[in-house]
1. List residues of the stretch 1-19, by number, whose backbone nitrogen lies under 18 Å from a label position 7 Å along Cα→C-beta of residue 214.
2. On a C-alpha basis, how far is the centre of the stretch 194-244 from the centre of the stretch 1-78 in Å? Whole number, if you could?
3. Taking every DSSP beta bridge with both residues inside the chain, roughly what % is antiparallel (nearest 5)?
4. Put a dot 7 Å past each Cα toward the Cβ at residue 206 and residue 240; how far apart are the dots in nm?
5. Can you give me the accessible area per residue for the stretch 1-129, using a 1.4 Å probe, in Å²?
6. Give me the accessible area of residue 11, 1.4 Å probe, in Å² rounded to the nearest 10.
7. When ranked by the protection proxy of mean other Cβ atoms within 10 Å per residue, highest first, what sequence do the peptides 91-103, 189-201 form?
8. First compute the accessible area of the stretch 4-252 with a 1.4 Å probe, then give the percent of it belonging to carbon and sulfur atoms.
Amino acid sequence: MSARLSVNVNKIAVLRNSRGGHEPDVVRAARACLDAGADGITVHPRPDARHIRADDVHALAALCGEYEVEFNLEGNPFAPPRPGYPGFLALCEAVRPAQATLVPDGDGQVTSDHGFDFGDAELEALKPLVAQLKALDCRVSLFADAGHPALARAAECGADRVELYTGPYAEAHAQGDLSALATCVEAAARARAVGLGVNAGHDLSQANLGDFLRAIPAVEEVSIGHALIGEALYAGLQPTVRAYLAIIKNAAR
Ligand SMILES: CC(=O)[C@@H](O)[C@H](O)COP(=O)(O)O
Ligand SMILES: NCC(=O)COP(=O)(O)O
């Protein structure tokens, strides 16, 4: 079975929010991804609403329902609600995503850059939250550093999967260094040995995804946003510029 691709559309909302208004339209972009065959949509609404907002979460959940594909909602379950951000659990209660990916992000982080620490106190705190999410029929995945020695403890709080944080792998791969891949291979084996499924994400791209999946065929899902949206810009610029030139020429006739 090949890994499923869930496209993260956070970056479409970054562009939209930079001007206000509705363009580019997050739902239209997500629809284009699904029309192209993507297996699902991922978003990570941040408490500061820097990109995806609560209203996007509702609209994208409805779209995923229409296409009968998985909606993967990412967030920190410990981050308190604030105006414009009802909190991760409340969002999950409202839209019941197929998968809830818990990420231990701090507020000031530019992006996700580490997984859970899997210590006793954290696992105890996660346990009731995981149970609440599973009662909503959400599959629960915990963001994890591939090199973390206790990563398999995710199973102890009832999680179904771990998502391997692939940022370090991507960075090393760009330098021609494949050693970080061995860490991910080993992490996936440790997770699978205790019955956890394995997802992966962060900075995956056309340049590094093939090597990753060939080395870890057990990966069930990759969520990809930043690189994919950037690559889509390159792929789409030439036809778009040609379309504008055609309009200009036609207008001059
Ligand atoms: C797993 C995770 O949390 C991130 O990879 C995230 O989805 C990216 O978020 P930003 O788009 O905000 O950088
Ligand atoms: N879970 C990772 C994700 O959704 C996308 O990460 P990135 O491709 O934007 O780095």
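1. Counting backbone N atoms under 18 Å from the label point, the list is 1-3.
2. Rounded to whole Å, the Cα centres lie 15 Å apart.
3. Numbers: 1 of 33 bridges.
Of all bridge pairs located within the chain, approximately 5 percent are antiparallel.
4. 1.5
5. On the way: 5920 Å² over 129 residues.
In whole numbers, the stretch 1-129 has 46 Å² accessible per residue.
6. Residue 11 has an accessible surface of roughly 70 Å² with all protein chains in place.
7. Descending packing order for the listed peptides: 91-103, 189-201.
8. Numbers: 6640 of 11630 Å².
Carbon with sulfur: 57 percent of the solvent-accessible area.
The values are calculated or read from the model by the stated rules, or taken from the named source; none is laboratory data. Keep in mind it's a predicted model, so treat the numbers as computed, not measured. Heads up, the Cβs are rebuilt from the backbone with ideal geometry, glycines too, and the neighbour counts pull from every protein chain shown. With ligands, DNA and RNA removed, areas are computed over all heavy atoms of the protein, side chains included. Shrake-Rupley method; radii C 1.70, N 1.55, O 1.52, S 1.80 Å.
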